[in-house]
């Protein structure tokens, strides 16, 4: 199995767990790009993790030695097809519903199945007798990456806070700086900004504008992926774009406010529910004739106006916090 983003990988974790727990003596191997190993290396349901370093022939030779009984292909692209052909064993591949997504993007004709991506992944195992255990997503943080929030931000010791994930793989999935700043000023609890090195300067700009209104701390660029996940895990609330950390927050049972730009939840990648789930809300601008403009995202708005994010109503986010006490000071 290979994937193009952290979020895609987290969404496969119910398949891993269900296979391991529901098939007696199952040995589960997982193939992904080397850059994503930190997402899976602590997963106890994986017996062996294979990493792809762009050396196809070498890896195929290694995989053939494993003598697999079955391949579950949860990426379903040309390269995974070549892997399956080379291994020559029984396989099933996920339906990526690309024709339906293309219809929605190009013609705004909605033929999308009302089925979450996780359930489409699990469908690839139905012939093996696998059933959804309804336990939701998994993410396991290695012990060395568990963060004591007070070590980084002593002011937060023993306090509730909101993790605001300001990053995103594509520009059109991220709120503009002025929107992030305005929202952070009005949130009822201290805020920790989460993002990678690319968001570090954005985080500093937000902190400089917000600090007079609300305690706010910039963790962007300061933490490894699983350390950021640990900060999210300890948060009371998570405000986030459509990112891998959104799905990790879902795995941790967090109260999530997910903000959508050029893509739509109907593609099946929204926070995945499980038994006893916490509050979740999708915030988006509905009714735009240009949305969705892509099934993934762009480096800039194709129309130039970026209304899918510029027209996000802050009230739709802030109303989720009604009743939360302003105890931050």
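The values are calculated or read from the model by the stated rules, or taken from the named source; none is laboratory data. The structure displayed is predicted, hence computed values, not measured ones. Virtual Cβ from ideal backbone geometry, glycine too; neighbours counted across all protein chains shown.
Figures for the structure shown
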{"read-out": "Subset tally (residues that are under 23 Å from residue 40 (Cα atoms) and out of contact with any strand residue (DSSP E or B) (no Cβ under 9 Å at 6 or more places or on another chain)) for the range 257-274", "value": "4"}
{"read-out": "Matching residues, the range 271-286, being in contact (Cβ under 8 Å) with a residue 24 or more places away in the chain, part of a loop (DSSP other than H, G, I, E, B) and more than 17 Å from residue 170 (Cβ to Cβ)", "value": "271, 272, 273, 274, 275, 277, 278, 279"}
{"read-out": "Residue list for the range 84-94, restricted to those being touching a residue at least 24 places away in the same chain (Cβ under 8 Å) and either assigned to a helix (DSSP H, G or I) or touching a helix residue (DSSP H, G or I) at 6+ places or on another chain (Cβ under 6 Å) (or both)", "value": "86, 87, 94"}
{"read-out": "Qualifying positions in the range 153-177 - under 18 Å from residue 199 (Cα atoms), touching a helix residue (DSSP H, G or I) at 6+ places or on another chain (Cβ under 9 Å) and surrounded by fewer than 20 Cβ atoms within 10 Å (Cβ to Cβ)", "value": "169, 176, 177"}
{"read-out": "Sole residue being more than 30 Å from residue 39 (Cα to Cα), assigned to a loop (DSSP other than H, G, I, E, B) and not assigned by TED's automatic domain parsing to the domain that holds residue 112, chosen from 289, 316", "value": "289"}
{"read-out": "Subset tally (residues that are in contact with a strand residue (DSSP E or B) (Cβ under 6 Å, 6 or more places away or on another chain) and under 19 Å from residue 6 (Cα atoms)) for the range 246-256", "value": "4"}
{"read-out": "Matching residues, the range 115-137, being outside any loop (DSSP other than H, G, I, E, B) and within 17 Å of the chain's Cα centre (by Cα)", "value": "117, 118, 119, 120, 121"}
{"read-out": "Subset of the range 135-147 [surrounded by 15 or more Cβ atoms within 10 Å (Cβ to Cβ) and over 21 Å from residue 24 (Cβ atoms)]", "value": "136, 137, 139, 140, 141, 145, 147"}
{"read-out": "Options 240, 263: the member that is in a strand (DSSP E or B) and at pLDDT 95 or above", "value": "240"}
{"read-out": "Selection count where residues are assigned to a helix (DSSP H, G or I) and surrounded by fewer than 14 Cβ atoms within 10 Å (Cβ to Cβ), scope the range 102-114", "value": "3"}
{"read-out": "Output for the range 231-245, where each listed residue is buried (at least 20 other Cβ atoms within 10 Å of the Cβ) and out of contact with any strand residue (DSSP E or B) (no Cβ under 7 Å at 6 or more places or on another chain)", "value": "233, 244"}
{"read-out": "Count - residues of the range 177-209 that are in contact (Cβ under 8 Å) with a residue 40 or more places away in the chain and more than 20 Å from the chain's Cα centre (by Cα)", "value": "9"}
{"read-out": "Spans of helices (runs of 4 or more DSSP H) in the range 1-72 with at least 3 residues at pLDDT below 95 and surrounded by 14 or more Cβ atoms within 10 Å (Cβ to Cβ)", "value": "6-11"}
{"read-out": "The range 203-229, residues that are in a helix (DSSP H, G or I), surrounded by fewer than 21 Cβ atoms within 10 Å (Cβ to Cβ) and in contact with a helix residue (DSSP H, G or I) (Cβ under 7 Å, 6 or more places away or on another chain)", "value": "205, 209, 225, 227"}
{"read-out": "Residue count for the range 298-312, restricted to those that are free of Cβ contacts under 8 Å to residues at least 24 places away in the same chain and either within 11 Å of residue 176 (Cβ to Cβ) or outside any loop (DSSP other than H, G, I, E, B) (or both)", "value": "1"}
{"read-out": "Residue match in the range 286-300 (condition: farther than 19 Å from residue 265 by Cβ, out of contact with any helix residue (DSSP H, G or I) (no Cβ under 9 Å at 6 or more places or on another chain) and loosely packed, with under 10 Cβ neighbours inside 10 Å)", "value": "no"}
{"read-out": "Qualifying residue in the range 115-134 (condition: at pLDDT 95 or above, in contact with a helix residue (DSSP H, G or I) (Cβ under 6 Å, 6 or more places away or on another chain) and surrounded by fewer than 12 Cβ atoms within 10 Å (Cβ to Cβ))", "value": "no"}
